[in-house]
Structures are given as structure tokens and as C-alpha cells.
1. Report Rg/Rh for the stretch 42-110, rounded to two decimals, where Rg is the Cα radius of gyration and Rh the Kirkwood radius.
2. Viscosity 1.567 mPa s, temperature 4 °C: Stokes-Einstein D of the stretch 5-45 from its Kirkwood Cα radius, in µm² per second?
3. Roughly what % of Cα-Cα distances in the chain sit above 17 Å, to the whole percent?
4. Determine the gain in length on full extension of the stretch Gln13-Ile30; use 0.36 nm per residue of separation and subtract their C-alpha separation, reporting nm with one decimal.
5. In whole Hz, with x marking every Gly and Pro, tabulate ³J(HN,Hα) for the stretch 98-107 from phi via Karplus 6.51 cos²θ - 1.76 cosθ + 1.60, θ = phi - 60°.
6. Among Ala25, Ser59, Gly96, which residue has its Cα positioned farthest towards the positive end of the charge dipole of the chain, with +1 placed on the Cβ of Lys and Arg, -1 on the Cβ of Asp and Glu, and the dipole taken about the Cα centre?
7. In whole Å, how far is the Cα centre of the stretch 1-60 from that of the stretch 84-104?
Amino acid sequence: MGYSNDLRVRVIQIVEDGATARAAARQFVIGDSTAIRWVKRYRVTGSIEAKSIKGQSRSPLKKHEEWLLELVRQEPDLTLEEIRCRLLDERGQKAGIGSVWRFFDRHSISFKKKHSRGRARPA
């Protein structure tokens, strides 16, 4: 869990009042490098807010987004394995089952097994 903005403000204020970032870090019992990064970020951007922990999407499937979404609209009964194979055959994009699943999960699309009938009865 990240540090509070209140702590960040207090550290930056002490440094702006003339203390070193290392001295402020010792006073608030945080790492020296943490205080140094906070002060540097404040001086460069003017922001005390923590950086977002969400990174840029690195999914190689992002560039095939519209094609994939249209594919499951037209053929909703495809399995993840079938989608993965079609992606390779038709688009030349390698992908693992997990990558395909995460892509559709991000778009709130799930693939549920459809049971057409119950279990076989004993003879």
C-alpha cells in the first residue's frame, strides 16, 4: 500500500523549508530514496500525488480489438482455443489462452459452457 498524500506533503514542506530530503526521510521514518523521488517529482511536475500503478496496456491483442470483438459477435459459441487459432491463422498473431481470456475479461465478455442436456442415465 502506498504512502498517504498527507505524508508526502509534510516531507515536501520540510524540504522546501530548507532541510535535505534525507533528513526529512529520517524524521518520518521512510526511505531516503522515497523522499528524494517525491521531492524531485514535486519540483518537476508540481504534483504530490502518487503515480498510477496501472501501466499502459501491453496486450498484443489491443491492435486486433475490433476484429476480435466482431468475431465473437458473429460467432458467440467459439471457444478460447478456436479464437486463438483463428487469431493466428487469419491475423498472424500468436497468443496464449490466458492472453485471449484476459482480453475478453477486460471487455466483460465471458465464455460459459452451455449444457444442452443433462447427464446420461444409467441403462
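Computed from the coordinates by the stated procedures, all read-outs in this text should not be read as laboratory data. Every value quoted in this text rests on a predicted model; they were computed, and no experiment measured them. Here Cβ is always computed from backbone atoms with ideal geometry, including for glycine, and neighbour counts include all displayed protein chains.
1. Details: Rg = 16.6 Å, Rh = 13.9 Å.
Looking at the stretch 42-110, the ratio lands at 1.20.
2. Working: Rh = 9.6 Å.
Estimated diffusion coefficient is 135 µm²/s.
3. Working: 5108 of 7503 pairs.
When every Cα pair of the chain is considered, 68 percent fall beyond 17 Å.
4. On the way: separation 17, 0.36 × 17 = 6.12 nm, distance 1.51 nm.
Residue separation times 0.36 nm, minus the Cα-Cα distance, leaves 4.6 nm.
5. x, 5, 5, 4, 4, 4, 6, 5, 4, 9
6. Result: Gly96, furthest along the dipole toward the positive end.
7. Cα centroid of the stretch 1-60 versus Cα centroid of the stretch 84-104: 40 Å apart.
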